[in-house]
Amino acid sequence: MDFLKRWLQERSDSNDYRRLFPVERSADGRISEAGKTGAPILDFSSNDYLALSTHPAMIAAGQAALTRYGTGVGAARLMSGDLMLFHELEEAVADLKSREAALVFGSGYMANIGAIPALAGRGDIIFSDRLNHASIHDGCRLSGAKLVRFRHNDPDHLEDCLRDKRGSNQALIVVESLYSMDGDRCPLADIVRLKNRHGCLLMVDEAHATGIFGNKGGGLIQAEGLEDEVEIAMGTFGKALGSYGAYIAGSETLKNFLINRARSFIYATGLPPAVIAASLKAVELLAGEPERRKELCDNAAYFKNALVAAGLPGKPGPSQIVPVMVGDSRLAVKIAAELRANSIFVTPVRPPTVPEGTARLRFSVTLHQSRRELADTAALLMEISNKLSVPVSFPAE
Ligand SMILES: *Cc1c(COP(=O)(O)O)cnc(C)c1O
């Protein structure tokens, strides 16, 4: 076991050691360090963008399902675990995404490592954006297909790769619609043009866009009117939807194919009833309380403007994910620690999650934060940056 200790020591030496941080969490989304009595902490690390995880209707829906069905479904859906609730949720998601059908997966990670290897295998080829989420990357590697990683959000480079390497077998292009670490948007229309020109399937991960963009809250595919062009639309219930789990939306055929072929669907116990019921309620709330996503987008704009006003150089990005670039891992950790001392929790994102030399603080704007708190946080960040003489900026485009 010495090897484990040595490995951890190396991690620690390079400032990349990860550790857990147990918290208490209250109904207003504030966290506090478990077992400590300090001030509540304002959480800029959560993806609970619409504050749905503490919404009374979500909690009530989960409680009702617990009472009616118990805590677990006891089996995979292909065994006896297939509650009607799953089908109600899948119909609601298909409607939200304006697609024929949807299939629920245990999590976003499981959706990506299940669907990608189902769709592409040995002899096939996958074109994947270099900044795609680890679960997409793992799905690609698990598939055994040839993997080509094109430059982030660069359709010209994708086109070069397609021209050189497309071949005659099945080809899949995988992108995210909103990138989790940079908060920038994929040029979806350009990607669609290329996938049509080169006869590829297109899979779009909407983990961070679902619930926020689009007239129904369906995501950026919806905002750009490209529903019929994206064969495989993936999204999660664990972020803006305040619950847990994930979906893949597309054709009825795709759904039946994944039921028969995606191993992370076939060989895993169905999600607990309370989780499914909460996800279903969240999808209903997107239609019932559309003002939430407008307020989130307004608050995100407010926060970015406050950063600009406080002197943060560069151009703010297009979403509720607001990265502030520091560069050096150690300095990013230092600024985060100063913010923590002021009851603000923001994660320093470091390599290998992001490329070397691009350590950053990733601020997530959520409806758990007030405008006053957003303004104070922006001012404090710049104060700390000046005090420590560590320059920070919005990411370069
Ligand atoms: C969070 C995330 C996932 C994983 O989803 P989980 O439900 O947390 O497993 C997949 N893809 C992207 C882009 C994500 O941000």
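Considering each residue of segment 253-282, count those that are within 13 Å of the ligand (Cβ to nearest atom) and aliphatic (A, V, I, L, M), and give that number. Outline the logic, then answer.
Narrowing segment 253-282 to residues within 13 Å of the ligand (Cβ to nearest atom): 264, 268, 271, 275, 279.
Among the residues that remain, those that are also aliphatic (A, V, I, L, M) are: 268, 271, 275.
Within segment 253-282, residues that are within 13 Å of the ligand (Cβ to nearest atom) and aliphatic (A, V, I, L, M) number 3.
For segment 301-328, how many residues meet the condition of being polar (S, T, N, Q) and either buried (at least 21 other Cβ atoms within 10 Å of the Cβ) or touching a Pro at 6+ places or on another chain (Cβ under 6 Å) (or both)?
The qualifying residues number 2.
Which residue pairs have Cβ atoms closer than 8 Å, lie 6 or more positions apart in sequence or on different chains, and pair a first residue in segment 13-24 that is within 12 Å of VAL333 (Cβ to Cβ) with a second residue that is in a loop (DSSP other than H, G, I, E, B)?
ASN15/ARG350; ASP16/ARG350; ASP16/PRO351; ASP16/PRO352
Answer yes or no: is there a residue in segment 157-169 that is at pLDDT 95 or above and within 16 Å of the ligand (Cβ to nearest atom).
The answer is no, given that none of the residues of segment 157-169 is at pLDDT 95 or above and within 16 Å of the ligand (Cβ to nearest atom).
Give, as residue ranges, the strands (runs of 3 or more DSSP E) completely inside segment 312-397 that count at least 2 residues that are on the phi < 0 side of the Ramachandran plot and at pLDDT 95 or above.
On the way: elements: 321-327, 347-349, 359-364.
Strands (runs of 3 or more DSSP E) meeting the threshold: 321-327, 359-364.
Which one is farthest from the ligand (Cβ to nearest atom), of the residues in segment 196-252 that are surrounded by fewer than 24 Cβ atoms within 10 Å (Cβ to Cβ) and among the basic types (Lys, Arg)?
Checked segment 196-252; the qualifying residue farthest from the ligand (Cβ to nearest atom) is ARG197.
Counting only residues that are at pLDDT 90 or above and of a type in the set (Phe, Trp, Tyr), which one in segment 3-36 is nearest to the chain's Cα centre (by Cα)?
Going through the qualifying residues, I end up with TRP7.
When segment 76-92 is examined, which residues are found to be in contact (Cβ under 8 Å) with a residue 24 or more places away in the chain and either closer than 21 Å to ALA268 by Cα or not assigned by TED's automatic domain parsing to the domain that holds LYS255 (or both)?
Those that are in contact (Cβ under 8 Å) with a residue 24 or more places away in the chain and either closer than 21 Å to ALA268 by Cα or not assigned by TED's automatic domain parsing to the domain that holds LYS255 (or both): ALA76, ARG77, LEU78, GLY81, ASP82, LEU83, LEU85, PHE86, GLU88, LEU89, GLU90.
For segment 328-345, check the following and say yes or no: at least one residue is within 22 Å of the chain's Cα centre (by Cα), over 28 Å from VAL23 (Cα atoms) and not hydroxyl-bearing (Ser, Thr, Tyr).
Within segment 328-345, not a single residue is within 22 Å of the chain's Cα centre (by Cα), over 28 Å from VAL23 (Cα atoms) and not hydroxyl-bearing (Ser, Thr, Tyr).
For residues that are in contact with a strand residue (DSSP E or B) (Cβ under 7 Å, 6 or more places away or on another chain) and within 15 Å of the ligand (Cβ to nearest atom), tally how many sit in segment 117-136.
Of the residues in that region, 6 qualify.
The values are calculated or read from the model by the stated rules, or taken from the named source; none is laboratory data. What you see is a predicted model; the values in this text were computed from it and never measured. Reconstructed Cβ throughout: ideal geometry from the backbone, glycine too, with neighbour counts over all protein chains shown.
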